[in-house]
Amino acid sequence: MDALTLRRWQAGDLPLLRIANTPEMTRHLNGVETEEQLIERNERYLRLGEAGQARNFVIEDPQHRALGSIGAWHVEWHGQPAWETGWFVVPDAQGRGVASGALALLISELRQHRDGRRYLTAYPSTTNPGSNGVCRRGGFELIGTTSASFRGAELIMNEWAFDLDS
Ligand SMILES: CC(C)(COP(=O)(O)OP(=O)(O)OC[C@H]1O[C@@H](n2cnc3c(N)ncnc32)[C@H](O)[C@@H]1OP(=O)(O)O)[C@@H](O)C(=O)NCCC(=O)NCCS
């Protein structure tokens, strides 16, 4: 999709997290968060952003309507500093290349702000066709599968990585 922009996350963006917090939108994330957890997530985006440890964005169309969110945060990955990314697109805007377009913008953003990190990783649930499609289309390499406890239940995830030097 053309003419998307990324705008840095602001305190007033909490309602966007609520829009994404439905049973359907969190089907591959072991379900919804509480209002307290959403408030904590909003504060974490701001806090880590100010500390230079994360870059979270609202995905906007040319009319500055919020179509979703994408972000990246510092992680340790196979013994080296790396980035991890995550995203969502609101239901009305899905299936039009919004997540893929936003990921391309995020990659160019991270290439300008490397923070000494070469790889961008992503961990969608193995059952999430949309998110795995975003990784595949974005040129990520499938490394393998892994599992972890997430929101109180086991989540089996694909491990994807993108080389920012490529
Ligand atoms: C996953 C999500 C972000 C995809 O957003 P989107 O803007 O619809 O994705 P795109 O249109 O950029 O699609 C990217 C690729 O994935 C494929 N894809 C997207 N949704 C798909 C689906 N439901 N089933 C199968 N393939 C899908 C597209 O066909 C495209 O691949 P292609 O270029 O080979 O055709 C969106 O569905 C979403 O927000 N889901 C709920 C939240 C979520 O799961 N977040 C991720 C947690 S890891």
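Worth a mention:
- Among Ser149, Ser131, Ser108, the residue with the largest mean-square fluctuation in a Gaussian network model of the chain, with springs joining Cα atoms closer than 10 Å, is Ser149.
- DSSP-assigned coil residues among trypsin sites (Lys or Arg not before Pro) in segment 106-166, each with at most 12 further Cβ atoms within 10 Å: Arg114, Arg151
- Among Gly97, Gly144, Leu155 - extreme Cα towards positive end, dipole of segment 5-163, charges at beta-carbon: Gly97
- Build a GNM of the chain with springs between Cα atoms under 10 Å apart, and of Thr85, Thr34, Thr22 the one that fluctuates most is Thr34.
- Centre-to-centre, using Cα atoms only, segment 27-57 and segment 94-148 are separated by 18 Å.
- Computed over the chain, the ratio Rg/Rh where both radii use C-alpha atoms and Rh is Kirkwood: 0.93
- The chain: antiparallel DSSP beta bridges as a percent of all, rounded to 5: 95
- Computed over the chain: relative contact order in percent, which uses C-alpha pairs under 8 Å that are six or more apart: 21
- Extension gain from Arg18 to Arg151, taking 0.36 nm per residue of separation minus the Cα-Cα distance: 46.2 nm
- Separation in nanometres of the label points that stand 7 Å from Cα toward Cβ, at Glu36 and Asp115: 2.8
Values in this text are rule-based calculations from the coordinates and carry no lab data. These numbers come from a predicted model, not from an experiment. Using ideal geometry, Cβ is built from the backbone for each residue, glycine included, and neighbour counts are taken over all protein chains shown.
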